[in-house]
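Enquirer: Before anything else, here's the structure in question.
The values are calculated or read from the model by the stated rules, or taken from the named source; none is laboratory data. Everything quoted here is computed from the prediction, not taken from an experiment. Cβ placement follows ideal geometry from the backbone for every residue including glycine, while neighbour counts extend to all protein chains displayed. The area values use the complete protein model at the heavy-atom level, side chains included, leaving out ligands, DNA and RNA. Shrake-Rupley method; radii C 1.70, N 1.55, O 1.52, S 1.80 Å.
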Amino acid sequence: MNFKTISRLVKASGVTEVMLVHFRGEDEDKWLANSFMEAVAAQGASGVLLQQVRAVTR
């Protein structure tokens, strides 16, 4: 997934002030969550990141 697609998804969600980015994945894939956080900030909103690491959840 590229940043352009992520940006469109965030914009279509109608974020106005705060958006929760719930990421369920390992640290090596955290770039994806960070891309969503960047897109949220580009819309002028604040992002809150919640990460669940699958290895810990097991």
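Matching residues to (1) touching a Phe, Trp or Tyr at 6+ places or on another chain (Cβ under 9 Å); (2) of a type in the set (A, V, I, L, M); (3) at pLDDT 95 or above; (4) loosely packed, with under 15 Cβ neighbours inside 10 Å:
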site: Phe3; (1), (2), (3), (4): no, no, no, yes
site: Ile6; (1), (2), (3), (4): yes, yes, no, no
site: Val15; (1), (2), (3), (4): no, yes, no, no
site: Glu28; (1), (2), (3), (4): no, no, no, yes
site: Met37; (1), (2), (3), (4): no, yes, yes, no
site: Ser46; (1), (2), (3), (4): no, no, yes, yes
site: Val53; (1), (2), (3), (4): no, yes, no, yes
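Enquirer: Follow-up. Report yes if some residue within segment 19-26 is farther than 16 Å from Asn2 by Cβ and in a helix (DSSP H, G or I); otherwise report no.
Expert: As a first pass, look at segment 19-26 and keep what is farther than 16 Å from Asn2 by Cβ: 19-26.
Those left that are additionally in a helix (DSSP H, G or I): none.
No: segment 19-26 contains no residue that is farther than 16 Å from Asn2 by Cβ and in a helix (DSSP H, G or I).
Enquirer: From the residues in segment 17-26 that are under 29 Å from Val56 (Cα atoms) and out of contact with any Phe, Trp or Tyr (no Cβ under 6 Å at 6 or more places or on another chain), which one is most open to solvent (accessible area, probe 1.4 Å)?
Expert: Residues of segment 17-26 that are under 29 Å from Val56 (Cα atoms), as a first pass: 18-26.
Within this subset, residues satisfying the condition of being out of contact with any Phe, Trp or Tyr (no Cβ under 6 Å at 6 or more places or on another chain) are 18-20, 22-26.
Values: Val18: 98, Met19: 44, Leu20: 109, His22: 108, Phe23: 25, Arg24: 144, Gly25: 1, Glu26: 40 Å².
Among those that are under 29 Å from Val56 (Cα atoms) and out of contact with any Phe, Trp or Tyr (no Cβ under 6 Å at 6 or more places or on another chain), it is Arg24.
Enquirer: Pairs please, first residue from segment 30-58 and farther than 13 Å from Asn2 by Cα and free of Cβ contacts under 8 Å to residues at least 60 places away in the same chain, second anywhere and part of a loop (DSSP other than H, G, I, E, B) and of a type in the set (Ser, Thr, Tyr), Cβ atoms under 8 Å, 6+ apart in sequence or on different chains.
Expert: From residues that are farther than 13 Å from Asn2 by Cα and free of Cβ contacts under 8 Å to residues at least 60 places away in the same chain, the pairs are Ala45/Thr16.
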